[in-house]
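To start, the structure under review is shown below, and the notes come after it.
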Amino acid sequence: MNLLLKPSNVNQQSVLKITGSKSETNRLLLLQALYPNLTLENTSNSDDSEVMAKALQNSQLPTPNSQLIDVHHAGTAMRFLTAYFAIKENSEIVLTGSSRMKERPIQILVEALKQLGAEITYEEKEGFPPIKIKGKKLTQSKVSLSANVSSQYISALLLIAPKLENGIELTLEGEITSVPYIKMTLALLNEIGVETSFVGNTIKVNPKLPTPNSQLLTVESDWSSASYFYSIIALSQIGTEITLSSYKQNSLQGDSALVEIYQNFGVETVFENNTIVLRKAYNCQLSIINCQLNSSPDIAQTIAVTCVGLGIGCHLTGLHTLKIKETDRLEALKAELTKLGAMVSVTNDSLTLEPSANINENVAIKTYQDHRMAMAFAPLALKVLIVIEEAEVVSKSYPTFWEDLKSIGFAISESK
């Protein structure tokens, strides 16, 4: 489904409820599978979380010795479930995914799990899904891996650690990236009573006995999803407001860096109870912005598109993990921004955009099976007519995205 987005102004004031954080939800779903006394509310309704929940539910059923679990495009589910099934004794599963998932490396996590004693083999290409996992009791506790890998590899190990006989002592070698996501995992473990420490490059997680007491955990709404509304406010008239719920000022999510970054674009954030009010307070005075996004790479696309909409340049760094996402996001961004008339250059971990006052209109944005490409480019409809190809891809993280845009004043119709 291709969508046509016509230039329009958004409502002066809007109120939206954003689905729970995919990152928090998927971590808590795994912990709930390990500790069934946990009850979750405000969980994400994303495809990724649905896939994760379904796989974990199926794992609890009496099934034949071997079963196939397909996570489709869900990278988080692939990493977390690899660790989960490695410790699920007496199970044997094959974990697979989409054709793109089969191109996304898993070897770093597999090797780390093997250090702990896991039994995992590759079904097709060495180092990539699909993988066969024979669940067993893991008795080793010391493991090391490179610190600049996807934080999801690290979090996958930490999430299963409380169920290991001796916990985990994880040594990270080199400079650590995506620290907020690691801290999010540790904070959620702490919340259910697991003792952890993170000193220098060593993370320790103690084993935890199951507790009989039931515990209710509320998932904070997704800051990555909020980023598109920050972009919309940045491209709107002074005085425009959008209220979003449910958000915390002391968020565990790295993408909450939006609050500070978008001040540069004239967007103020006011925390009120469990909501944030985004307000266009003044026009951006910058000609170029520099952002180090090691801790929040998922908002790089949003920021780059905001800059195009405002006619300013940007230099975004710390983006090396974007090359192994749903698509190579750096090359995808370069290709689509260039169609709009932007001058863009990328390296393995950075994107540089030159300031430009003009935006080509009636451009069809290719989404590369990547939800964030579709959503990041949508705010440009406040400036020019654009087409978003395969717009249904947003269901991966934010199924109601287009309905929510219509509700705040966007003119959206199917493109022939």
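What's the total number of residues in region 346-369 that are of a type in the set (A, V, I, L, M), part of a loop (DSSP other than H, G, I, E, B) and without any contact (Cβ under 8 Å) to a residue 24 or more places away in the chain?
Residues meeting the conditions: 0.
Which one of these is surrounded by 22 or more Cβ atoms within 10 Å (Cβ to Cβ) and either part of a loop (DSSP other than H, G, I, E, B) or in contact with a Leu (Cβ under 9 Å, 6 or more places away or on another chain) (or both): LEU286, LEU316, LEU216, LEU252?
LEU316
Applying the selection to region 96-128, what residues are touching a helix residue (DSSP H, G or I) at 6+ places or on another chain (Cβ under 7 Å) and within 21 Å of PHE198 (Cβ to Cβ)?
ILE108, LEU109, ALA112, LEU113 - these are the residues of region 96-128 that are touching a helix residue (DSSP H, G or I) at 6+ places or on another chain (Cβ under 7 Å) and within 21 Å of PHE198 (Cβ to Cβ).
List, please: which pairs have Cβ atoms under 9 Å, are six or more places apart or on different chains, and start with a residue in region 387-409 that is closer than 16 Å to GLU336 by Cβ and free of Cβ contacts under 8 Å to residues at least 60 places away in the same chain and end with one that is assigned to a loop (DSSP other than H, G, I, E, B) and aromatic (Phe, Trp, Tyr)?
Here the result reads VAL393/TYR368, each pair linking region 387-409 to a residue that is assigned to a loop (DSSP other than H, G, I, E, B) and aromatic (Phe, Trp, Tyr).
Would you mention how many residues in region 129-156 are more than 28 Å from PHE198 (Cβ to Cβ) and in a strand (DSSP E or B)?
The number of residues fulfilling the criteria is 3.
Residues checked against (1) modelled with pLDDT of 95 or more; (2) buried (at least 22 other Cβ atoms within 10 Å of the Cβ):
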residue	(1), (2)
PRO105	no, no
GLU111	yes, no
ALA118	yes, yes
ILE133	yes, yes
SER150	no, yes
SER155	yes, yes
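Those residues that are surrounded by 15 or more Cβ atoms within 10 Å (Cβ to Cβ), of a type in the set (A, V, I, L, M, F, W, C) and in a loop (DSSP other than H, G, I, E, B), I need them from region 219-248; list them, please.
Residues satisfying the conditions are VAL219, LEU235.
Just checking, which of SER356, SER415, SER350 is touching a strand residue (DSSP E or B) at 6+ places or on another chain (Cβ under 7 Å), over 30 Å from VAL179 (Cα atoms) and at pLDDT below 95?
SER415
Looking at this structure, is THR171 closer than 20 Å to LEU145 by Cβ, part of a helix (DSSP H, G or I) and not assigned by TED's automatic domain parsing to the domain that holds ASN294?
Here the answer is no, as THR171 does not meet what is asked.
The conditions are (1) in contact with a strand residue (DSSP E or B) (Cβ under 7 Å, 6 or more places away or on another chain); (2) within 23 Å of SER224 (Cβ to Cβ), and THR96 fails exactly one of them. Which is it?
Of everything listed in (1) in contact with a strand residue (DSSP E or B) (Cβ under 7 Å, 6 or more places away or on another chain); (2) within 23 Å of SER224 (Cβ to Cβ), THR96 misses just condition (2).
Filtering region 13-39 down to residues that are polar (S, T, N, Q) and within 24 Å of SER256 (Cα to Cα), which residue is nearest to the chain's Cα centre (by Cα)?
Pass one, region 13-39, residues polar (S, T, N, Q): 13-14, 19, 21, 23, 25-26, 32, 37, 39.
From the residues that got through so far, the ones that are within 24 Å of SER256 (Cα to Cα) too are 13-14, 19, 21, 23, 25-26.
Numbers: GLN13: 28, SER14: 25, THR19: 13, SER21: 8, SER23: 6, THR25: 11, ASN26: 10 Å.
So the residue we want is SER23.
Could you tell me how many of the residues in region 255-271 are within 18 Å of the chain's Cα centre (by Cα) and surrounded by fewer than 20 Cβ atoms within 10 Å (Cβ to Cβ)?
Residues flagged as within 18 Å of the chain's Cα centre (by Cα) and surrounded by fewer than 20 Cβ atoms within 10 Å (Cβ to Cβ) within region 255-271 amount to 1.
Just one of (1) surrounded by 19 or more Cβ atoms within 10 Å (Cβ to Cβ); (2) in contact (Cβ under 8 Å) with a residue 40 or more places away in the chain; (3) of a type in the set (A, V, I, L, M) trips up ALA281, so point out which.
Condition (1) is where ALA281 drops out.
Looking at region 180-207, which of its residues are of a type outside the set (A, V, I, L, M), closer than 18 Å to VAL143 by Cβ, over 19 Å from the mean Cα position of the chain (by Cα) and surrounded by 14 or more Cβ atoms within 10 Å (Cβ to Cβ)?
Across region 180-207, the qualifying residues are THR196, PHE198, ASN201, LYS204, ASN206, PRO207.
The values are calculated or read from the model by the stated rules, or taken from the named source; none is laboratory data. Computed from a prediction, not measured in an experiment: that's the story for all the values here. When we count neighbours, we look across all protein chains shown, and the Cβ atoms used for this are built from the backbone with ideal geometry, even at glycine.
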